2 protein chains.
Amino acid sequence: MDAFESRTRRCQDRLPEVGADAAILFPSTNLFYASGFREEPMERHLFLVVPSEGDPVFVAPEMYDEQIRDASWVSDLRLWADGEDPMALVADLADELDLREGHLLADDTMWALFTQDLRETLPEASFGLASEVFDDLRLRKDDAELDALRRAGALADEVSVEIRSLGADAIGLTEADLADEIDRLLAERGGEGVSFETVVGSGPNGAKPHHRRSDREIEPGDPVVLDFGAYVNGYPGDQTRTVVFAGDPPEEYQAVHETVQSAQQAAVEAVEPGVPAEEIDRAAREVIEAAGYGDRFVHRTGHGVGLDVHEAPYIVAGNEVELESGMVFSVEPGVYLPGKFGVRIEDLVIVTEDGCERLNDSPRTWEALGE
Amino acid sequence: MDAFESRTRRCQDRLPEVGADAAILFPSTNLFYASGFREEPMERHLFLVVPSEGDPVFVAPEMYDEQIRDASWVSDLRLWADGEDPMALVADLADELDLREGHLLADDTMWALFTQDLRETLPEASFGLASEVFDDLRLRKDDAELDALRRAGALADEVSVEIRSLGADAIGLTEADLADEIDRLLAERGGEGVSFETVVGSGPNGAKPHHRRSDREIEPGDPVVLDFGAYVNGYPGDQTRTVVFAGDPPEEYQAVHETVQSAQQAAVEAVEPGVPAEEIDRAAREVIEAAGYGDRFVHRTGHGVGLDVHEAPYIVAGNEVELESGMVFSVEPGVYLPGKFGVRIEDLVIVTEDGCERLNDSPRTWEALGE
């Protein structure tokens, strides 16, 4: 059986367990995970209806006919042409599959535009979220997935080392220049596109946790947050190091870096099966609080990584999900001093039978790397 | 008044007209249009609540504090930290603004994850879509927007001419190679990132209207669909030409190309204020039907272009919206012969007082261009 089909069958088995009659997917990683067909979200109606029994059905724009047949094992396609009403096809399908009064799980990233249409077309139905069945399946990666994630980790490491060896040559480059160079190296070394817009946050820009890049020139002594990764076989890398390319770092920097590095180490050491996700967050937070920077660690410690760069399990206070072998997530504590600098250190880890495997091993120190 | 603020005020004026008490935006082009703050959709709760009266309010992750203040005129931020419950802030805000039983317009691209949360937190509220107020505002572009769109059009033209001058040098390149070269030129000439994944569809791949690129090598005589563009000042270019770089095209190709070119010309000539959008579609379709390819023109004739590459007005049968000066959309008929080749020709146009202005003027012929 096709790998995508067997995932769909497992999803179908789970639907009754959560009291659902069908999942309705739209272009997303869930859709790819189940069908093998990959597309970006768009304003045209494209659904995969996965009932608890029988075969799934695509409702799709006519122009996707050939592409879906090429990419997916799903063979039942109901096609609509521009100018026709796609919701009429959905209504017919709901009758056929007896879903009009059913409990339907909408894809978590489905646009309001489409959930609104589904609610209007099927006013007697009730709605939940597809994550109720998909998260559990996608949480534990299979060997092929782990292999791709390992390769994406190694690629990020390789580029990190190469960039850090720029040393003083990085001074005077803009953040955007350096980000372009990272992107170029990721592509050259086999990346299939960046996992997210590469982050280069120098000096005070590093204190904005979700800063991307700017035209600010890197100066001697600037701490620079480098957060990037690229896809390999459909799975993303995601790694962060904070580096001073040349010159003397600002006061307080070394103490902050050491704190974040210890916090990251403590969190990684806390990872093993059976531990609740929030404990990993706590392990990092305790170190940072003890050093007096608790209020400057303004985000969770990590996020799951798989087909989506951000997915379950979230490593955050309140998440009591117990870690299991095969889960993959980031461990990325940070400390941000507004107007001064930020420090973040991030590796991805796989939960193993008795601890974890790090997917990133490039030096977690803050100095540039020698040739 | 800040340009973003004045757009928000116009949006607020319109809310009562559609019977709504507030719009609730999430990271989207609507959010940028109203606030000046730009972010990608993500799994963290980030909303801009725009009530019909008073000032709008952000509910956002704490770590976005500085970024939002830097980017936006909106000064009322309610921040939540990872581990806290963002919906509690939304509930408080709903009390404060008296929205619990209101009619709320959710951003059209808001994820089901968040609309579900809003429905659960505000069970007495009813929901519509933000497009009910935003589409009308965004439909007519102001001068700054038109200027950016003209520049994005000129950039696409420039790169199109340069690529077509490759002539026989393009033979043997893979589609992916050629797409990379297009992307490189777009960036080098000032593009701020591609409008969408650049499409290079050679030979039979051109017959899949939404094919992107593959490792197929371009052969002599292959018709190649080239569909691309890049952003300039936040606004995208989008242009398509179908080219034979060298060699003799397949039988039927010249007739198909001539048909599509005539259809595109007829559609562009039909553009003027007061004409329903569907008439532009009909003008193109009539030419293609008369040539006997009606059933191979499997998509609408065009889509509006603004902050989103695809937005209103859609140029499609059934859309009776009357064109107005300042609207911008694509005119892109195509004919697709499965297993053989496809032909699509696309320009963007601005509706003017008495007709339209094309934003793309590179040759619409199918031959390579000389030096």
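The values are calculated or read from the model by the stated rules, or taken from the named source; none is laboratory data. Given the structure is predicted, the values throughout are model-derived calculations rather than measurements. A quick note on method: Cβ atoms are made from the backbone with ideal geometry, for glycine too, and the neighbour counts reach across all protein chains shown.
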Exercise for review: Could you run through the range B:69-89 and say how many residues are more than 30 Å from the chain's Cα centre (by Cα) and in a loop (DSSP other than H, G, I, E, B)?
Suggested key: 6
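Results for (1) buried (at least 17 other Cβ atoms within 10 Å of the Cβ); (2) among the aliphatic types (A, V, I, L, M); (3) assigned to a helix (DSSP H, G or I), shown as yes or no for each residue.
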residue: A:Asp55; (1), (2), (3): no, no, no
residue: A:Gln67; (1), (2), (3): yes, no, yes
residue: A:Ala144; (1), (2), (3): no, yes, yes
residue: A:Asp147; (1), (2), (3): no, no, yes
residue: A:Val159; (1), (2), (3): yes, yes, yes
residue: A:Ile163; (1), (2), (3): yes, yes, yes
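Considering only residues of the range B:248-289 that are in a helix (DSSP H, G or I) and in contact with a Leu (Cβ under 8 Å, 6 or more places away or on another chain), which is surrounded by the most Cβ atoms within 10 Å (Cβ to Cβ)?
Taking the range B:248-289 and keeping what is in a helix (DSSP H, G or I), we get B:253-269, B:277-289.
This time we only want the ones that are in contact with a Leu (Cβ under 8 Å, 6 or more places away or on another chain), so: B:256, B:277, B:280.
Details: B:Val256: 26, B:Ala277: 26, B:Ile280: 29.
Within the range B:248-289, the match that is surrounded by the most Cβ atoms within 10 Å (Cβ to Cβ) is B:Ile280.
Out of the residues in the range A:317-351 that are among the β-branched types (Val, Ile, Thr) and in contact with a Pro (Cβ under 8 Å, 6 or more places away or on another chain), state the one that is surrounded by the most Cβ atoms within 10 Å (Cβ to Cβ).
The initial filter retains those residues of the range A:317-351 that are among the β-branched types (Val, Ile, Thr), namely A:321, A:328, A:331, A:335, A:343, A:345, A:349-351.
Add one more test, that the residue is in contact with a Pro (Cβ under 8 Å, 6 or more places away or on another chain), and what stays is A:321, A:343, A:345, A:351.
Numbers: A:Val321: 17, A:Val343: 27, A:Ile345: 25, A:Val351: 23.
Checked the range A:317-351; the qualifying residue surrounded by the most Cβ atoms within 10 Å (Cβ to Cβ) is A:Val343.
Check the range B:4-21 and report whether any residue there is aliphatic (A, V, I, L, M) and within 11 Å of chain A (Cβ to nearest Cβ). First the steps, then the outcome.
Applying the first criterion (aliphatic (A, V, I, L, M)) to the range B:4-21 yields B:15, B:18, B:20.
In the following step, the residues that additionally are within 11 Å of chain A (Cβ to nearest Cβ) were identified as none.
Within the range B:4-21 (the criterion being aliphatic (A, V, I, L, M) and within 11 Å of chain A (Cβ to nearest Cβ)), the answer is no, since none of the residues qualifies.
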Exercise for review: Might you let me know whether the range B:344-354 holds any residue that is modelled with pLDDT of 95 or more and within 14 Å of chain A (Cβ to nearest Cβ)?
Suggested key: yes
Review point. Can you find a residue in the range A:177-184 that is free of Cβ contacts under 8 Å to residues at least 40 places away in the same chain, over 27 Å from A:Tyr235 (Cβ atoms) and in a helix (DSSP H, G or I)?
Key: yes
Review point. Given (1) in contact (Cβ under 8 Å) with a residue 12 or more places away in the chain; (2) within 14 Å of another protein chain (Cβ to nearest Cβ); (3) on the phi < 0 side of the Ramachandran plot, where does A:Gly294 come up short, assuming only one miss?
Key: (1)
Exercise for review: From (1) more than 27 Å from the chain's Cα centre (by Cα); (2) within 26 Å of A:Phe26 (Cα to Cα), pick out the condition that doesn't hold for B:Glu43.
Suggested key: (1)
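Yes or no: A:Ala230 touching a Leu at 6+ places or on another chain (Cβ under 8 Å), of a type outside the set (Ser, Thr, Tyr) and within 21 Å of A:Asp157 (Cβ to Cβ)?
Values: touching a Leu at 6+ places or on another chain (Cβ under 8 Å): yes; of a type outside the set (Ser, Thr, Tyr): yes; within 21 Å of A:Asp157 (Cβ to Cβ): yes.
Yes, satisfied.
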Practice item. Only residues that are in a loop (DSSP other than H, G, I, E, B) and in contact with a Gly (Cβ under 7 Å, 6 or more places away or on another chain): list them for the range A:301-311, please. Key: A:Leu307
**Study point:** Sole exception among (1) crowded, with 17+ Cβ neighbours inside 10 Å; (2) within 12 Å of another protein chain (Cβ to nearest Cβ); (3) assigned to a loop (DSSP other than H, G, I, E, B) for A:Tyr314, by number
**Key:** (3)
Practice item. Filter the range B:88-113 for residues that are crowded, with 17+ Cβ neighbours inside 10 Å and either over 30 Å from A:His45 (Cα atoms) or more than 8 Å from chain A (Cβ to nearest Cβ) (or both) and give the result. Key: B:Leu89, B:Val90, B:Leu93, B:Ala94, B:Leu97, B:Leu99, B:Gly102, B:Leu104, B:Leu105
**Study point:** Subset of the range A:236-295 [within 23 Å of the chain's Cα centre (by Cα) and among the hydroxyl-bearing types (Ser, Thr, Tyr)]
**Key:** A:Thr240, A:Thr242
**Study point:** Checking B:Val335 against (1) within 27 Å of B:Tyr253 (Cα to Cα); (2) part of a strand (DSSP E or B); (3) more than 14 Å from chain A (Cβ to nearest Cβ); (4) not acidic (Asp, Glu), the condition it does not meet
**Key:** (3)
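What are the residues in the range A:290-306 that are of a type in the set (A, V, I, L, M) and either surrounded by 24 or more Cβ atoms within 10 Å (Cβ to Cβ) or modelled with pLDDT under 95 (or both), if any? Walk me through how you get there before you give the answer.
From the range A:290-306, those of a type in the set (A, V, I, L, M) are A:290-291, A:298, A:305; that's our starting set.
Passing the criteria: A:Val298, A:Val305.
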Exercise for review: Count, please, the residues in the range A:165-213 that happen to be among the small types (Gly, Ala, Ser), within 24 Å of B:Asp180 (Cα to Cα) and either surrounded by fewer than 20 Cβ atoms within 10 Å (Cβ to Cβ) or away from every other protein chain (no Cβ under 14 Å) (or both).
Suggested key: 4
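Does B:Arg151 count as within 14 Å of another protein chain (Cβ to nearest Cβ), part of a helix (DSSP H, G or I), surrounded by fewer than 22 Cβ atoms within 10 Å (Cβ to Cβ) and not β-branched (Val, Ile, Thr)?
On the way: within 14 Å of another protein chain (Cβ to nearest Cβ): no; part of a helix (DSSP H, G or I): yes; surrounded by fewer than 22 Cβ atoms within 10 Å (Cβ to Cβ): yes; not β-branched (Val, Ile, Thr): yes.
The answer is no for B:Arg151.
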